[in-house]
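A short worksheet on the structure shown next.
The values are calculated or read from the model by the stated rules, or taken from the named source; none is laboratory data. This structure is a prediction, so every number in the text was calculated from the model and none was measured. A quick note on method: Cβ atoms are made from the backbone with ideal geometry, for glycine too, and the neighbour counts reach across all protein chains shown. Keep in mind that these areas ignore ligands, DNA and RNA; they rest on the heavy atoms of the full protein, side chains included. Shrake-Rupley method; radii C 1.70, N 1.55, O 1.52, S 1.80 Å.
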Amino acid sequence: MATRQSIDRSLGRPAPDRWSSWQAMDSGRLLLLAVSGMLVLASFASLAVTTGRPPVRAAVAFGLFIAFGELLRLALPGGREAAPIAMAGAMAYALLLGLKGVPDPRPHLALEVIAVAAIGMTIGALPHVAAGRPFGLTGMCTRLVTVACVAFIFRPLASERFIYQPSHWWIALLLMIILVLLGWLIETLIGALIRADDVGARFAVAVRDEIRVQWPLGAAVGSSAVITVFAAEAMGLTVLAVFMGPLLVTQIAFRRYAGIRATYLQTVRSLAAVTEVGGYVESGHSRRVARLAVAVGRELGMPEPDLLDLEYAALMHDIGQLSLLDPIPGGATVLVSIDDQNRIAELGAEVIRQAGVLDRVAELVRCQNWPSRGHEPPPPAGSRIIRAANAFDDMVGGSADRDRTVAALERLRMDTATEYDAQVVQALTEVAGRRPASRL
């Protein structure tokens, strides 16, 4: 009964559309958008009532720098996005002490930093919209809130002028380093919260994944921002052009890494499709098993590198069927003997191992038919997940019928004593039919 109610809840939701995707937005993202909107409104209201001449040349220069960085934002592994050049420019403007050759009768305020960052990000995002790409509102709001937190702490201290004195430079440096680390931590936590809601990952796991992915860029952005602040007092606005080069090089390196990873995934998907084109498995079987396996892995708290290996292995788990003279009816390996299943898995693992860079994936494929208990050595967690996801899809296929889904899960639950891992089957019950999260 519990299984049926769980599946009814997960499969009984309406199909997503534009309006329901806004309704389905998680509360964390809505709160982020609300906070960002209030900060922007407050910043523009402050500009309207503030007396005195603001440092217009500096604001325009840093605003254009931020816009250029937002224009060149890049996609990171896992569907993330980053704008390191824009972030470095915004952080440098928030921490700016002085600028050679620019009249600055008063230090700029925190709300002015927010206004310049918001305008620059918006201008940089407009070409993406014109080209039909996403606006990237969530990422922009995350960066804006991060910069705002740093600016609200640092700008009142900068107004006191005591850290301008040459003898106090180390105080300013120490404070900037602390605030840069704080800003990176805030951005990481916000990104982890949003990602945990988007993909259904545990928050603690999402935090670790974000730290692993974001710390190299965070180090580059933070060091560039601090160096830019001190160099600006001697070089003026030309410092922005000087330090754009190293950031561009760093960004190109990350873009190439993301491109290589995307190429790997596309190659794996193409290889997995061979079994479908050849009629060895049902159309869409490999993709369904991969999606289900990754969802189960997230439910169990697997970190992102292990999820990537799991996705590769699930996509290619049937590649060994190409060695068969006569395809298995429907490609359902549960219909053949365990010896044949192991032989197919061994042949598939050998094919994957020939790539030379996917040994961990090959091991997951090789062990996918081992029972969860009674086998020495025990199968890896990824193999146990693939075994359950593959059996589930062999019984259900692309059907959305609730009775068929419940019957398949009940059958898996009956075999948890030896064949299937009980925790994996429980996680599979939770994620079966779960609606994918919406994104902005």
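Test of understanding: among VAL249, VAL296, which residue is of a type in the set (Val, Ile, Thr) and in contact with a helix residue (DSSP H, G or I) (Cβ under 8 Å, 6 or more places away or on another chain)? Write out each step before concluding.
On the way: VAL249 fails: in contact with a helix residue (DSSP H, G or I) (Cβ under 8 Å, 6 or more places away or on another chain).
Unique residue meeting the criteria: VAL296.
Listed here are the residues, each with its yes/no results for (1) without any contact (Cβ under 8 Å) to a residue 12 or more places away in the chain; (2) farther than 13 Å from VAL221 by Cα; (3) surrounded by 12 or more Cβ atoms within 10 Å (Cβ to Cβ).
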position: MET244; (1), (2), (3): no, no, yes
position: LEU248; (1), (2), (3): no, no, yes
position: ARG255; (1), (2), (3): no, yes, yes
position: ALA258; (1), (2), (3): no, yes, yes
position: ALA262; (1), (2), (3): yes, yes, yes
position: THR267; (1), (2), (3): yes, yes, yes
position: ALA272; (1), (2), (3): no, yes, yes
position: THR275; (1), (2), (3): no, yes, yes
position: TYR280; (1), (2), (3): no, yes, yes
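Would you be able to tell me the number of residues in the range 301-323 that are under 17 Å from the mean Cα position of the chain (by Cα) and either of a type outside the set (Asp, Glu) or farther than 15 Å from ARG269 by Cα (or both)?
Within the range 301-323, the subset under 17 Å from the mean Cα position of the chain (by Cα) is 301-311.
Those left that are additionally either of a type outside the set (Asp, Glu) or farther than 15 Å from ARG269 by Cα (or both): 301-308, 310.
Adding up the residues that qualify gives 9.
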- Residues being over 22 Å from LEU31 (Cα atoms) and touching a residue at least 12 places away in the same chain (Cβ under 8 Å) - total across the range 121-132: 4
- Item | Pick from the range 351-370, criterion under 22 Å from ARG288 (Cα atoms) and not in a helix (DSSP H, G or I), ranking: nearest to the chain's Cα centre (by Cα) | LEU358
- Any residue in the range 317-340 that is at pLDDT 70 or above, within 13 Å of GLY382 (Cα to Cα) and outside any helix (DSSP H, G or I)? yes
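Yes/no per residue for (1) at pLDDT 85 or above; (2) surrounded by fewer than 16 Cβ atoms within 10 Å (Cβ to Cβ); (3) part of a loop (DSSP other than H, G, I, E, B):
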position: ALA400; (1), (2), (3): no, yes, yes
position: ASP403; (1), (2), (3): no, yes, no
position: ALA407; (1), (2), (3): yes, yes, no
position: THR416; (1), (2), (3): no, no, yes
position: TYR420; (1), (2), (3): yes, no, yes
position: ALA427; (1), (2), (3): yes, no, no
position: ALA437; (1), (2), (3): no, no, yes
- Message: So in the range 282-304, with the set limited to residues that are part of a helix (DSSP H, G or I) and free of Cβ contacts under 8 Å to residues at least 24 places away in the same chain, which one is surrounded by the most Cβ atoms within 10 Å (Cβ to Cβ)?
- Response: VAL294
- Message: Looking only at the range 204-242, count every residue that is open to solvent by less than 40 Å² (accessible area, probe 1.4 Å) and outside any helix (DSSP H, G or I) and tell me the total.
- Response: 1
- Query: Which of the residues that make up the range 371-398 are open to solvent by 10 Å² or more (accessible area, probe 1.4 Å), touching a residue at least 12 places away in the same chain (Cβ under 8 Å) and assigned to a loop (DSSP other than H, G, I, E, B)?
  - Reply: PRO371, SER372, ARG373, GLY374, PRO380, GLY397, GLY398
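Return yes when ALA148 is small (Gly, Ala, Ser) and closer than 14 Å to TRP184 by Cα and no when it is not. Before the answer, list the steps.
On the way: small (Gly, Ala, Ser): yes; closer than 14 Å to TRP184 by Cα: yes.
Answer is yes for this residue.
Being among the small types (Gly, Ala, Ser) and either open to solvent by 10 Å² or more (accessible area, probe 1.4 Å) or within 23 Å of the chain's Cα centre (by Cα) (or both) is the filter here, so list the residues in the range 118-129 that pass it. Step through it out loud before you land on a result.
Start the filter on the range 118-129 by keeping residues that are among the small types (Gly, Ala, Ser), which leaves 118, 120, 124-125.
Within the range 118-129, ALA118, GLY124, ALA125 meet the criteria.
State all residues of the range 379-421 that are among the charged types (D, E, K, R) and out of contact with any Ser or Thr (no Cβ under 6 Å at 6 or more places or on another chain); if no residue qualifies, say none.
ARG387, ASP393, ASP394, ASP401, ARG402, ASP403, ARG404, GLU410, ARG411, ARG413, ASP415, GLU419
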- Test: residue in the range 341-348 that is among the β-branched types (Val, Ile, Thr), open to solvent by 30 Å² or more (accessible area, probe 1.4 Å) and modelled with pLDDT under 85: no
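Given the options THR146, THR188, name the one that is within 30 Å of ALA293 (Cα to Cα), among the polar types (S, T, N, Q), assigned to a helix (DSSP H, G or I) and modelled with pLDDT of 90 or more.
One residue alone meets the criteria, THR188.
Determine which member of the set ALA34, ALA75, ALA88 is among the hydrophobic types (A, V, I, L, M, F, W, C), modelled with pLDDT of 90 or more, within 18 Å of GLY191 (Cα to Cα) and surrounded by fewer than 20 Cβ atoms within 10 Å (Cβ to Cβ). Walk me through it before giving the result.
Values: ALA75 fails: modelled with pLDDT of 90 or more; ALA88 fails: surrounded by fewer than 20 Cβ atoms within 10 Å (Cβ to Cβ).
Exactly one of ALA34, ALA75, ALA88 is among the hydrophobic types (A, V, I, L, M, F, W, C), modelled with pLDDT of 90 or more, within 18 Å of GLY191 (Cα to Cα) and surrounded by fewer than 20 Cβ atoms within 10 Å (Cβ to Cβ), namely ALA34.
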- Message: Can you confirm whether LEU111 is modelled with pLDDT under 90, open to solvent by 10 Å² or more (accessible area, probe 1.4 Å) and in a helix (DSSP H, G or I)?
- Response: no
- Item | Contacts under 7 angstrom Cβ, first residue in the range 133-154 being surrounded by 18 or more Cβ atoms within 10 Å (Cβ to Cβ), partner assigned to a helix (DSSP H, G or I) and hydroxyl-bearing (Ser, Thr, Tyr), 6 or more apart | CYS141/SER36; LEU144/SER36; VAL145/SER36
- Query: So which residues in the range 191-203 are farther than 16 Å from LEU308 by Cα and not in a helix (DSSP H, G or I), if there are any at all?
  - Reply: ARG202
